[in-house]
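Novice: Pasting a structure here, questions to come.
Quick note: the coordinates plus some simple rules give every number you see, no bench work behind them. Just so it is clear, the structure is predicted and the values come from calculations on it, not from any experiment. In this analysis, Cβ positions are derived from the backbone assuming ideal geometry, glycine residues included, and neighbour counts consider all displayed protein chains.
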Amino acid sequence: MRPPLATRISPVRSCVACRTRRPRDELLRVAVTPDGAVVAEGPRARAPGRGAYVCKVSACVHEAVETGALSRALNRELDRPKLRAELEGLIDVTEEND
Ligand SMILES: [Zn+2]
């Protein structure tokens, strides 16, 4: 619950699970690339294509994947167990640097 830094300039995006608005670099991104691959990535990655965002917490990852919120945001069927595992793996990595 840190206040955003005044000097930080980052686009704001909403988590598809809890709808909280956060700077984009505090969220995980799931993108569908132009060739149709689904990519889960951390804040620094910028895969091309349509993206949806989710908080770096397992509760939001779970909800976003299991309720279909991510599928709706991306307008696409997803491999839920695989995507959830990938996103949860990114949480572990990113929390180390927080
Ligand atoms: Zn969230």
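Novice: What residues from region 34-62 fall in the zone where the backbone N is under 11 Å from a label point 7 Å along the Cα-to-C-beta line of Glu77?
Specialist: No residue qualifies, since no backbone N sits under 11 Å from the label point.
Novice: Separate question: Quick one: the Cα spread of region 11-98 along its three principal axes, in angstroms, biggest first?
Specialist: Projected onto the principal axes, the Cα atoms of region 11-98 cover 32, 24, 22 Å.
Novice: Next up: Taking the number of other C-beta atoms within 10 Å as the exposure measure, put Ile91, Ile9 in order starting with the fewest.
Specialist: Ranking Ile91, Ile9 by Cβ neighbours within 10 Å, fewest first, gives Ile9, Ile91.
Novice: Work out, step by step, the length gained on full extension between Arg24 and His62: first 0.36 nm times the residue separation, then minus their alpha carbon distance; give nm to one decimal.
Specialist: Using 0.36 nm per residue and subtracting the Cα-Cα distance, I get 11.8 nm.
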